[in-house]
Structure formats: structure tokens, C-alpha cells
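What follows is a single structure, written as C-alpha cells, with notes after it.
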Amino acid sequence: MSTHGEQASIGKVLSFLQEWDHGNKTARSRMLEAFLTQNSGKTFVELEREFAQVASLFLSRLTTWMRLTYMFGTYLGLQLKAIGVFLSASSHDQYLREFLEDGGVLTLLDVLGQTQTQEEDKAEALRLLLTISNAGRKYKEFICESYGVRAIAECLATSITEETQEAAWALLESLSRGNPKHQHQVYKGLIALMPCTSAKAQQLVLQTLRMVQSKVKTVHPSIVEPLLNMLGSLRLEVQDEAINLILDLTEYEVRPVLLSGLVALLKPAKEEVQQHHMLEEPEMTEITLSLSVFVQQAAAAKAIRLLAETSQELSEELLSLGVIHHLLYTLGNRDHTEAQVQASLALEHFVRSYPDIEEHVHRAMGSTLFAAFMSAACSVFTMSRLRSAMQKGKRASLELTETTKPVRKRSKAAVKEEETTTTASPSTYHTFHDPADVVLLRSQLLNWYDKGKRELPWRTAAMTEPDLNIRTYAVWVSEIMLQQTQVATVIDYYNKWMKRWPTVQDLAAATLEEVNQMWAGLGYYSRGKRLHEGAQKVVSELKGQMPRTVESLLKQLPGVGRYTAGAIGSIALGQVTGAVDGNVIRVLCRVRAIGADSTSPAVTDALWGLANMVVDPERPGDFNQAMMELGARVCTPKGPLCSQCPIQSHCHSYRKVYAKQEKNSKRLLGKLDRLPSTLPDIEDCMNGGSCPLCPMEPWDDELGVQNFPRKPVKKPPRVERTLTCMVVRSGEEGGDEYLLTQRPNKGLLAGMWEFPSLLLEGENSEMKQKGALCAEISRVLGVQLNKSLFQYVGEVVHIFSHIHQTYVVYSVCLKDSEETQTQTENTQWLTRSALQEAAVPTGVKKILKLYDSVESQEEQTSKDGKRKKTAGVKNDKKPQTSKKAKLSAANNGTRQLSLSSFFKTVKEES
């Protein structure tokens, strides 16, 4: 018999529902506002207590009212928020199931398709669908099989607010993490979205496509055309995402079509060309294309450069497609400087990589222009000379006809005019227009460096080693180790390395296993492998002689990029070249107030131009090291020590900070107009918003010099879960031995040794995890094991630069009587002492530490005579779907899934 309090609660709820049933829309809206105020954030238990265990009656009424009125927009926002209170209630899925039973999902999908629905209501509907999707795989399937992907994709394409677009993107991303069958559905829906007109939507679509692409493993051919068209976007973020996706797709079967399409974009079809007024010479016409075609041309050139830099194989494929002729054509586009710049950078890569191409381009350009091109391929000076040559009708610079023709001889007057062309940039704000300033900066920086430089072993080797070959090798090793690793960490590794392999011949004679063992713990293991490969190449192909120029370092040593080649060339070989690393980027951006994205092509090119301009011709190696030292010790990312900076007088950022401080202090003292400023006014870039080097965001007084440089938002690391197993057996000498397997020679941790592992796809029960590991270990050992032997140990988190890795650790102890297969090439048994010395990554050592701690706890527990609870993963006891859910017809032509069929379950497989 119910208590008096329970009867009162029931009476209150019945009164509430009766008022709802008889109320008009105004009364209901008032009731919804009160409901939201009182119940937002409550759990399932709290809502049931509030509604006397019949809260579902109100949810049903809400869903029905929304289904009847959503086309008219009658208080739709309130309805959606109130439903959200129920669907987000934690600890139970009863409300979710009842909402689906009442046709709630179909109604939400219909809301997305109504043109009269307000954007904020669409965003709220998408958030509800996301809540449903995140509740579990069955709910994802329900949305997808209710034709949800198409509705969500169309909403993303047609929405006009970023809030709605991002909500749709988040929902599609969530759905893609469900049933593999529906991953393809999401994938095709995203491809269909690519031609949409919203730049924000395009950016989100491309980001999601990259993520889904890695899961579906195949490429639909229809992706190529819209992807190439997106290179014509006027939004740089869309261009960059499109280029990133292109780089990913070169690993798939669409690669030939993609490469040929990129090359074709460099030379637009004739129907896209419009002829305009005549130039001074009758035979020349000015070619002007639409801006979109110009932008697409520039983006294609950039993509081609990045692809060519990725691998020699891609470079050769592009060459076979006639990319050089097309790049020369693009160089003639005097109406769009960015197209010229990107084509010039791409052409420079091919010229420096292939002597035959260098000869061809030299012949096409002529000696004078080719020399300017090679010294600064993308400089304004070079571009202005190209434009000048085009305007005067001189074909000596380029050939724009279908086939390369003999170069026309230039008159002496024309050559003289070219040589006297001004080299000044339209804006000198971001560079050094006075040579005296450069001389003073060099002197100040080197004096500071000579007085207080750190004594580092590789610097000592560079200064004292008389053998050029050994000196170049020593600096090469240090620069590779210093990539992405702090100096303090590198010193011990470097000293041990050089003691064991003092020459390139010694390193070439070592095994990759020995190299990996020496490198263990330093991270980014591919660096050590590339050093080893490079040493073997030097010995076998270069007769033991290290490359002697920056160009040959770039071309002949694997893993050596533009910065590393510049650093080795200047420090070991004395070549006059700049070296731009992270420290130098920060220093130059602050000194010259370069505030645009520091990874953008325009900023990258400007920084290299500055570095090559200011490097000291007498002491290039010391100057480059001084710049790096300044960035590491004084001009730091946070808390820069501007008062200790030797080149403070050249720094635009510091001058701006100082001027503002002085102005503020005088204002506080009431002396603003009485005394002249001791610091001259700071000039600003005259090009303003059109300058590719100026910041897009306003100056922040609180940041000061830390306003520069600006970096893009770092993408979050990919989340992965990996099953791994500690297989233990008794060794011949009494101690335990552990089974290790070798990773593939390519990819993450290439060639390293690890415990047997499997990538974990989705959420699985502990029983399924044991079964998967049992099958894998049985295969590796050649014996049949029982999964009941496997014990859960725990989880270990290990963070790589781009992966957030969680190891789900199990262990299995083999009995002495069990025979195991003899050791193979890719497996080995190691004792504890041997394991500590082996070439294993840090993650393996963390797993071993976890295993030891668990073993220690179990031993202590057994000594105490207490029962210890076994740690384990959350066992997924949810029943599994026995069949595919079927669709049942609805009056409006859309199909609602049968919940009874959809959630029908079978017993979990034992």
C-alpha cells in the first residue's frame, strides 16, 4: 500500500499531465520553461523520482507534440531542449528506447530537412541525434538505417551557421565509428557533399573524409574530380585540407588519375582562357583567367611539390606526365603571383634533384634569369623579372607554347635592363632594407655567441676535427638526433653513439638491431634507421665520402631535409646558407614582426629568404648556431628574456612593446604631450590586410613579443587501443623468458621489438579480447593454447606525437611441458636482463613495469593470506543483435525501424 507521500507525488504528476493535455501552445511553452529550469542535468533516477516513476508519459507527450508541430516551428526549440533532458539522463537507456519507439529519430531527421526550420533548432536536433549515436553501436545503426546519413549530409551542405555545420560534422564523425557497413555509407555521403558552396562545410567534410578514409581502406573513384575542384577554393584552410587528402590518396588505386589531374590543372584548357587587350608587341596577348582557376593552378603546383618531396617514386611519375613543361607554363602567369611562387618552388625541387631537368630549365630560362631563380626561386625579385620579361615580349625567360622551342637571343640592352631591375620588395617592413643593419646584427649576435655559447660535443667536433669526412658525419648525427628532441637528452646518446661508431664506415658495418638498441628511448625511431641507411649508402655508392654541398646532402642522404642540409652544410662544410629550425622561426618572426601562420608557404619562403640574407658569409656555421642558441635560451616560446637579447635594437616586436609601455607610463604621469619620445614611432606594414606575412588577428598587449610567431591549431592525436600480451616461460637457466615479436620495417616503430600485439577495433568484451590474443599467440608459437590461461593485467597509456596509444595488457604463463616453436626471424625469447638491453620502445618498458607491479601486489597479497580482487576491463555483457533490423513502412514514405526486431538479442558467444 502506497504511503501518503507517494500518493501526493502521483497526484501532482497526474495534475501536471492533465494541465498539459488541456493546455494551449502558450500554456505548454510556459510549462516547458519551468520544466527546463527545474530538471536540466538530472539523472534517470532523479527524473523518475520527480515524476513518480511515470516520466515516460511526459516524454511520450513531448515527442508526439513535436512530431505534430515541427513543420510549423511552434516552440520547437523548447521541445528539443526538453527532450534533451530525458535523452541525456545518465545511467539508463530506457528514455532512448522509448523515444525511438515513438518515431523520435525520424522526426529529428525531418526537422533537419525543413527549409523553414531555424538554424539554432537544427543544431539542437543534431545534438540530440549525437546523444543517441554516442549511446552505442546499435543506436548508430538505427540512425544510419533510417536514411540519417543523407539527411545529416544535406543539412551540413545547406546550413548557413558554423554552429549547425560543426554539429552535423560531429554527428557524421560519430556515425563513422560504428558498423563498417555504415562507414561506407558515411564515406559516400561525404563525397557527395564536396561540391557544396560553404567553405566551412567543405573544410569539415575534408577533415572527416581523411579520418573515414583510413578506415574504409578503399577509394571511390568519384572522389577525384570534386577534390581537384576544391583546390580552387579561395579559402586557404579548404585548400590545405584538400592537399592533405590528396597526399593520403596517393597510397590508393586512384593515384594515376590524381597525379595526371594535378598536372593538367597547371595548364588550364583553352575554353577557360579569355583573350583581352593587346600588349606593346602585336604577337603577344595578355592571358587572364578567372581567379578560381588561378588559385587552383597555384594549389596544384603546391600539391605537386609536396608529393615530389615525399618520395622519388612520385617525382618520377610526375616527370613522366610532363610536369616540367606545365610548371614552366605556370611560371608565366603574371596575373597571379602565388601561382608563380608555387610553380617556382616545385620547379626548384625537380631542378635540384635531377641534373637533366636542371639543364633543360637552364636552357629554357637563359643564364641570367636561371641564376636569379636558383638563388631565390620564389623571391619578389625573381617574380618581377619574370613579369618584366613577359611584358616586354621576351621569350628567353619561358616558353609557353605546346613544345619547348629554342630560346630567343636577348639584346644587350634587354639584358642590361634586367640586371638593373630593382631588388627591393614592395614592403621593407618584414625584411632588412639597409645592409648596414644586417652587418650590425651579425656582429652583435656573434659577439654574444662567442662570450656565452654552450659547450656541446658536436660543436667541439665541428671546430676541432680536421678530417672533413668525420666532421660532416659528426654534425649529421647530431642534427638527426636533435630533430624533435631536447639538447639535454641528446648529449648522452650522442657521446655513446660517437664512441661506438666514430666514422660513417663504422656505422655502415653495424646492424639495424644494434642501431635500434642504441637509439631506444630517444623516440622517433625512424631517424636512427635513416642514419643507418644513409651510412650504408655513403659507403656503397659514394665510396665512403660524405656529400660536400647542401644540394648533394639533400639529394643523397635519406631523412635530410632543407633545414638539416643547411645546418650540416654551414657548420661542417662552411657553406654560406641559412638554416631555419623552430628556434630560428621564432627569432625571425619576432624580429621582423611576421605574424601569419608560421607553417604557411608565404611565411616559410620569407623566413628562408631572411635566413639566407642575414647569415654571416665568414662564419656561416657559427651564425646559424648562434640564431638557434638565441631562440633556445633567450627568445624562448614563453617568458622571453628581451632585456638580455643582443639584437634587441633590430626587433620590431620589442620596439612595439617598448613604445606601448612608454606611452602608457607617460599617460599615467600626465606627461604624454610634454616630452618627445625617446623611441621613434614604429612603422607598420603598408600592405595591411593584403600582406601574406602580417597577422590576421589583432595585437594582444598581454602577449607582447609572444604575439609572434603564430602557429596553426595542433590537431589532436589519433586515439588507438592495442591488445598486447606478456608471454612468459621458464628459461633453461632457471629465470623467466619473455616472447617478443618484431614490428614491420616500415611505419611506426619500424623494426623495433615488442610484446605480441593486436590493434583493438571497437569495444570488445574481455572474453573476446582473450580469444583474439589466444589465436595470435597460438599462431606465433605454433601451438594450441586455451584462452582461459590468459589473465588481464591492466592498461598502459603511451603518448606518441600523433597517437594517443592505450595498451590493454594481458599475460600468459606457459608450462614447462608445453613445447613451443623454435625461435624464428621475427620472434625471440629474452631473459629479463636481455630484455632491458634490447632495442625495445619505451612503451614496452612501461608494460613490463606494470606487469612487475601487479606481480608484486599478488605476491604480497598471498603472503598476507588475503583474497585479492582481480583487475579487469569492463566486460561488455550487452546482448548482441541476432539479425539485421528490418524496415517497416510509414505513411510519409520514410521507413521507421521495428524496435522489437532491432533490439532482439542472442546469447553471447562463449
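The values are calculated or read from the model by the stated rules, or taken from the named source; none is laboratory data. All values reported here derive from a predicted model rather than from experimental measurement. Note: ideal-geometry Cβ built from the backbone for every residue, glycine included; neighbour counts use all protein chains shown. Side chains are part of the model used for accessible areas, which takes the heavy atoms of the whole protein and leaves out ligands, DNA and RNA. Shrake-Rupley method; radii C 1.70, N 1.55, O 1.52, S 1.80 Å.
Annotations
- Accessible surface of ILE568 - all protein chains present, 1.4 Å probe, nearest 10 Å²: 0 Å²
- Solvent-accessible surface of protein heavy atoms, probed at 1.4 angstrom with all chains present, puts LEU789, LEU693 in the order LEU789, LEU693, largest first.
- The 1.4 Å probe gives accessible areas that order SER643, SER88, SER60, largest first, as SER643, SER88, SER60.
- Tensor-based shape of the range 168-261 (alpha-carbon gyration tensor, a/c under 1.5 rounded, otherwise prolate or oblate): oblate
- Neighbour cut-off at most 16 other Cβ (10 Å), DSSP loop, chymotrypsin sites (Phe, Trp or Tyr not before Pro), the range 558-667: none
- Using a probe of 1.4 Å on the protein chains alone, the accessible area found for MET627 is around 10 Å².
- The local environment of TRP448, defined by Cβ-Cβ distances under 14 Å, has a net charge of +2 under the rule Lys, Arg +1 and Asp, Glu -1.
- Area of LYS188 that stays accessible when all protein chains are in place (1.4 Å probe, Å², to 10): 120 Å²
- The range 502-589 shape via C-alpha gyration tensor axes, a/c threshold 1.5: oblate
- With K and R counted +1 and D and E -1, the other residues having a Cβ less than 14 Å from that of ALA508 yield a net charge of +1.
- Annotation: amide H of SER198 has no partner in the under-5 Å range at sequence separation 5 or more or interchain, hydrogens built in the peptide plane.
- In the range 13-136, a dipole from Cβ-located charges (positive for Lys and Arg, negative for Asp and Glu) runs towards its positive end, and of THR117, LEU78, ASN24 it is ASN24 whose Cα lies farthest in that direction.
- Accessible surface, 1.4 Å probe, highest first, among residues THR117, THR197: THR197, THR117
- Three-way shape call for the range 12-147 based on the alpha-carbon gyration tensor, with the a/c threshold at 1.5: oblate
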